[in-house]
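Student: The structure under discussion is supplied below as structure tokens; questions concerning it will follow.
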Amino acid sequence: MHLANVTVRPERFPVRDRYPFCLPQIQTLGRVAFDAPVTFFVGENGSGKSTLLEAIAHGCGIHLWRDDSRRRAVQNPHERRLADHLEVEWTAGKVPGSFFGADIFRNFAAILDEWAAADPGQLEYFGGRSLLTLSHGQSLLAFFASRYRIPGLYLLDEPESALSPRSQVELLRILAREGGAGHAQFIVATHSPILLACPGAAILSFDEAPPRRVALAATDTFRLYRDFLADPDRMLADDRAQDVVAPEAIVAGYVPGCIGRVAELHGAYYHEHWGFGVFFEARMATEIAALFNRFDPARHGFWTVSAAGRVEASIAIDGSEAAEKGAHLRWFIISDALRGRGLGNRLLDTAVGFCRERGFPRVDLWTFAGLDAARHLYEKAGFRLVEETRGRQWGVEVTEQRFELSLR
């Protein structure tokens, strides 16, 4: 790899309440290692992936063919300053490269045409024809196919935007071929599940804070396309999303107010549906607070998702006895505001992924009979029922169940 790693230094941020320094994904990113020929940044709009990509370009000395002559109604002096607060490390010295952005490619194509008017030989580096004489998608593929034969570091921001699915497959072949040849390294921000299927690529999800590596099938992009193609009518008929505030990223660690809010979510839901009372909610609050009082990031994990600044979902891993008995999954809940949007799968993937990364032998959880939707998610993630008994550990007699997932 040409670029070994990039480290974001949040302690140097000039502010923490202005974009991009306010993004939890950027604040918690830390060091990112680039050990694959192709690395993808994937995540929802506004998650910071394109902002980081541009900052990496600036940090690596790569020029962006942007037209900055136009005025803007509102100016953010911090918008392009992230590069000032990150460090890049090369494997064997700096290499040349280029930045592709669909919004700025037309500026580059026009400038190239001006150069070619004086020196037609310039076009030989880009397929032998003026890029302005081709369709947008054709000009992109001509650029990609010719430029990426040259050794270097290549950053691409949503290159699929003007490409048909067939052309995206062609770009996928280019990335796999040139990256696999060893002379080209790619970092790509994308929403395309076709590109994400690149063999041997690393995928960094910005739907969580801090962003983490995931498999293709664990990305929201893959799941959304899969579910839509499996049943488009159901997706179109589900109009609940019109009335729901978009959720923020999965955020790791303590969030002010999360102890009381997660206890409240549990207390309200289980009182309404199962008659649980003050004993249950008080126990939730006490045990969540106790976990944070002994919190060790090497053993414990706690994640929340907020909407409109309010915690609406959570999950946790208590690894106090992970080495001997395995980790314990706890406080998994999603409010009505965010239910039915695939968030449960994402939270479970995050928690189980945390356990795998730390080498825990197994993870278990306690629940009770009747929570069928939750049981479906557990079993889909690989958990199996291993114990069942009548009990009152939550203050009301229920059929308690223990599920376990082996990680060995």
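None of the figures in this text is laboratory data; all of them are computed from the coordinates on show. This one's a predicted model, so the numbers in the text were calculated from it and none came from an experiment. So basically every Cβ, Gly included, is an ideal-geometry build from the backbone, and we count neighbours across all protein chains shown.
Student: Given the peptides 19-30, 265-276, arrange them by the average over their residues of other C-beta atoms within 10 Å, most packed first. Could the numbers behind the result be given before it?
Tutor: On the way: 19-30: 19.8, 265-276: 16.1.
Top of the packing list down: 19-30, 265-276.
Student: What are the residues whose amide H is under 5 Å from the amide H of Trp90, where those residues sit 5 or more places off or on another chain and H is modelled from the backbone?
Tutor: Ala4
Student: Please work out how much length the chain gains when fully extended from Glu87 to Tyr269, using 0.36 nm per residue of separation minus the C-alpha to C-alpha distance, in nm with one decimal.
Tutor: Details: separation 182, 0.36 × 182 = 65.52 nm, distance 4.59 nm.
Stretched out fully, the Glu87 to Tyr269 stretch lengthens by 60.9 nm.
Student: Using each residue's phi in region 378-393, evaluate 6.51 cos²θ - 1.76 cosθ + 1.60 at θ = phi - 60° and report the 3J(HN,Hα) Karplus result to the nearest Hz, with x for Gly and Pro.
Tutor: 4, 5, 4, 7, x, 6, 10, 5, 10, 7, 8, 7, 6, x, 10, 5
Student: Run the numbers on the chain and let me know its relative contact order in percent, using alpha-carbon pairs under 8 Å that are six or more apart.
Tutor: Numbers: 679 pairs, mean separation 54.0, N = 408.
It rounds to 13 percent for the chain.
Student: I'd like the Karplus ³J(HN,Hα) series for region 45-61: coefficients 6.51, -1.76, 1.60, θ = phi - 60°, whole numbers in Hz, and an x wherever there's a Gly or Pro.
Tutor: 4, x, 8, x, 5, 6, 4, 5, 4, 5, 5, 4, 4, 4, x, 8, x
Student: Now for a different question. Report the net charge of residues surrounding His85, where surrounding means a beta-carbon distance below 12 angstrom and charges are Lys +1, Arg +1, Asp -1, Glu -1. Let's see the in-between values first.
Tutor: Working: positive: Arg9, Arg12, Arg16, Arg80, Arg81; negative: Glu11, Asp84, Glu87.
With Lys, Arg at +1 and Asp, Glu at -1, the net is +2.
Student: Rounded to whole Å and sorted largest first, what semi-axes of the equivalent ellipsoid does the C-alpha gyration tensor of region 187-239 yield via the square root of 5 times each eigenvalue?
Tutor: Output for region 187-239: semi-axes of 24, 13, 8 Å.
Student: Once fully extended, how much extra length lies between Ile150 and Arg31, figured as 0.36 nm per residue of separation less the alpha-carbon to alpha-carbon distance?
Tutor: On the way: separation 119, 0.36 × 119 = 42.84 nm, distance 2.77 nm.
Using 0.36 nm per residue and subtracting the Cα-Cα distance, I get 40.1 nm.
Student: Here is a further query. In Å, what Kirkwood hydrodynamic radius results for region 1-40 from the alpha-carbon pair distances?
Tutor: Details: mean 1/r = 0.0878 Å⁻¹.
Its Kirkwood hydrodynamic radius stands at 11.4 Å.
Student: Now a separate question. Averaging the inverse of every distinct alpha carbon separation and then flipping it gives the Kirkwood radius. What is it for region 186-332, in angstrom units? Spell out each step's value before the answer.
Tutor: Values: mean 1/r = 0.0558 Å⁻¹.
So the Kirkwood estimate lands at 17.9 Å.
Student: Beyond 14 Å, what share of the Cα-Cα pairs of region 283-323 remains, rounded to the nearest whole percent? If you can, show how the numbers build up before the last one.
Tutor: Details: 438 of 820 pairs.
Considering region 283-323, 53 percent of its Cα-Cα pairs are separated by more than 14 Å.
Student: Which angle from 0 to 90°, rounded to the nearest 10, does the C-alpha axis of helix 278-293 make with the longest principal axis of the chain?
Tutor: Its long axis makes an angle of about 50 degrees.
Student: Which far-off residues, 5 or more places away or on another chain, put their amide H under 5 Å from the one on Phe186, with H placed in the peptide plane?
Tutor: It is Val38, Thr39, Tyr154, by chain and number.
Student: State the percent of C-alpha pairs, over all pairs in region 261-369, separated by a distance greater than 17 angstrom. All intermediate terms of the calculation are to be shown ahead of the outcome.
Tutor: Details: 3282 of 5886 pairs.
Here the long-distance tail beyond 17 Å is 56 percent of all Cα pairs in region 261-369.
Student: Based on the Cβ-Cβ distance of Arg213 and Asn345, what FRET efficiency does E = 1/(1 + (r/R0)^6) give at R0 = 22 Å, to the nearest 0.05? Provide the component values of the computation, followed by the final result.
Tutor: Details: r = 17 Å, r/R0 = 0.77.
That pair, Arg213 with Asn345, gives E of 0.85.
Student: Let me ask something else. Give me the tail of P(r) for the chain as a percent: Cα-Cα pairs with distance above 26 Å. Before the final figure, lay out each step's value.
Tutor: Working: 50113 of 83028 pairs.
I get 60 percent for the Cα pairs in the chain exceeding 26 Å.
Student: Let me ask another. Can you work out the Karplus-derived ³J(HN,Hα) for every residue in region 219-234? Use 6.51 cos²θ - 1.76 cosθ + 1.60 with θ = phi - 60°, whole Hz, and x for glycine or proline.
Tutor: 7, 4, 4, 4, 5, 5, 4, 4, 5, 5, 5, 6, 7, x, 4, 5
Student: Give me the angle, in degrees from 0 to 90, between the Cα long axis of helix 136-147 and the longest principal axis of the Cα atoms of the chain, rounded to the nearest 10.
Tutor: 80 degrees
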